[in-house]
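This report concerns only the one structure given below.
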Amino acid sequence: MSLTTILLLMLVGILAGMMSSLVGIGGGVIIVPALVLIFGINQKTAQGTSLLLLSLPVAAAGAYNYYKAGHADWKIAAILAITFIVGGFFGSKLALGLEVGVVKKIFAVFMIIIAIKYLFFDK
């Protein structure tokens with residue numbers, strides 16, 4: 001694996017970790033809005049709860065199935081895992097330093113971008 005590939009993987013890991021902890025993505029796409037809109041939980045608490053709830057069990061179950069099917073690359077996963085943790089740390093620090101309203105707007109814009117991508121640019 002080339003140095004360029006490793007550096008790009010590290011960048012992807014950091015950015016993915018930041019976005020994950022900044023907006024609580026994953027199953028949080030459903031859980032975060034539900035906690036906020038249905039249960040009246042504040043945005044930051046909903047995101048933290050989502051990360052706590054989903055990260056380890058969902059990742060472990062999914063990784064196991066993909067590994068068994070021969071669709072897991074340990075080198076790429078190791079690089080991304082390390083950098084994802086770094087990104088997650090900084091993303092959560094950023095989110096916790098922002099006003100709740102700003103965090104809610106970032107979450108909403110992120111969801112809109114993903115929706116547009118899925119609706120109009122899905123390959």
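Every listed requirement among (1) farther than 20 Å from I106 by Cα; (2) in a loop (DSSP other than H, G, I, E, B) is met by T83 save one, (2). There is at least one residue in segment 49-66 that is more than 19 Å from G13 (Cα to Cα), among the small types (G, A, S) and surrounded by 13 or more Cβ atoms within 10 Å (Cβ to Cβ).
Among the residues of segment 80-101, are any out of contact with any helix residue (DSSP H, G or I) (no Cβ under 6 Å at 6 or more places or on another chain), more than 29 Å from L35 (Cβ to Cβ) and β-branched (V, I, T)? Yes - at least one qualifying residue is present in segment 80-101.
Residues in segment 68-91 that are out of contact with any Gly (no Cβ under 8 Å at 6 or more places or on another chain) and either more than 26 Å from L7 (Cβ to Cβ) or among the polar types (S, T, N, Q) (or both): K68, A69, G70. Out of curiosity, is F89 of a type outside the set (A, V, I, L, M) and loosely packed, with under 10 Cβ neighbours inside 10 Å? So F89 fails the test. Just so you know, in segment 68-80 the residues that are modelled with pLDDT under 90, part of a helix (DSSP H, G or I) and exposed (fewer than 13 other Cβ atoms within 10 Å of the Cβ) include one that is farthest from the chain's Cα centre (by Cα), and it is W74.
Remark: pairs (first residue in segment 73-85, touching a residue at least 12 places away in the same chain (Cβ under 8 Å); second residue surrounded by fewer than 16 Cβ atoms within 10 Å (Cβ to Cβ) and outside any helix (DSSP H, G or I); Cβ separation under 8 Å; 6+ apart in sequence or on different chains) = K75/M1. When we screen M19, M1 for residues that are surrounded by fewer than 12 Cβ atoms within 10 Å (Cβ to Cβ), touching a residue at least 24 places away in the same chain (Cβ under 8 Å) and not charged (D, E, K, R), the only hit is M1.
So that you can scan it fast, the table gives a plain yes or no per residue for (1) modelled with pLDDT under 85; (2) aromatic (F, W, Y); (3) not in a helix (DSSP H, G or I):
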position	(1), (2), (3)
T5	no, no, no
G13	yes, no, no
M18	yes, no, no
S21	yes, no, no
I31	yes, no, no
V36	no, no, no
I41	no, no, yes
K44	no, no, no
Q47	no, no, no
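The values are calculated or read from the model by the stated rules, or taken from the named source; none is laboratory data. Everything quoted here is computed from the prediction, not taken from an experiment. Neighbour counts run over all protein chains shown; Cβ positions are idealised from the backbone, glycine included.
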